[in-house]
Amino acid sequence: MYLHIGNSYVVPLADILGIFNLNLISCSSTKEFLQSKEIKNVVVTSDKEEAKSFIVTADKIYYSSIAPTTLKKRVALISK
């Protein structure tokens, strides 16, 4: 099964480690983690300014313009 995360991206459900709200990131270690992944080119995004959430997989991080609550609802519907 796959999760559509917006902007023509789909991610296999089995690869998703977590879905997080980008607007609630206040911890500096989380910001450093995201920045380090951007430097290593493992971040996939089409428009980071519009991103509301980020999805962590084993090998990549995806920024999404879809709210994390919406993505979690999609996961719940797919998993039934």
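The values are calculated or read from the model by the stated rules, or taken from the named source; none is laboratory data. Quantities reported herein were computed from a predicted structural model and do not represent experimental measurements. Quick reminder, even Gly has a Cβ in these numbers, built from the backbone with ideal geometry, and neighbours come from all protein chains shown.
Remarks
- Filter result (among the hydrophobic types (A, V, I, L, M, F, W, C), in a helix (DSSP H, G or I) and loosely packed, with under 14 Cβ neighbours inside 10 Å) within segment 18-29: LEU24
- Residue that is surrounded by the fewest Cβ atoms within 10 Å (Cβ to Cβ) [pool: residues in segment 66-80 that are part of a helix (DSSP H, G or I) and among the charged types (D, E, K, R)]: LYS73
- Evaluated against (1) touching a residue at least 40 places away in the same chain (Cβ under 8 Å); (2) in a loop (DSSP other than H, G, I, E, B), TYR63 falls short on exactly one condition, (2).
- Scanning segment 38-68 for residues that are farther than 18 Å from PRO12 by Cα, modelled with pLDDT of 85 or more and more than 11 Å from the chain's Cα centre (by Cα) gives a single hit, GLU50.
- Pairs, first within 22 Å of GLY6 (Cβ to Cβ) in segment 26-50, second not in a helix (DSSP H, G or I) and not polar (S, T, N, Q), C-beta under 6 Å, six or more apart: LYS37/VAL43; LYS37/ILE61; VAL42/LYS60; VAL43/ILE61; VAL44/LYS60; VAL44/TYR62; THR45/TYR63; LYS48/TYR63
- Taking segment 30-53 as the range and being in a loop (DSSP other than H, G, I, E, B), within 20 Å of THR69 (Cα to Cα) and of a type outside the set (Gly, Ala, Ser) as the test, the residues that pass are THR45, ASP47, LYS52.
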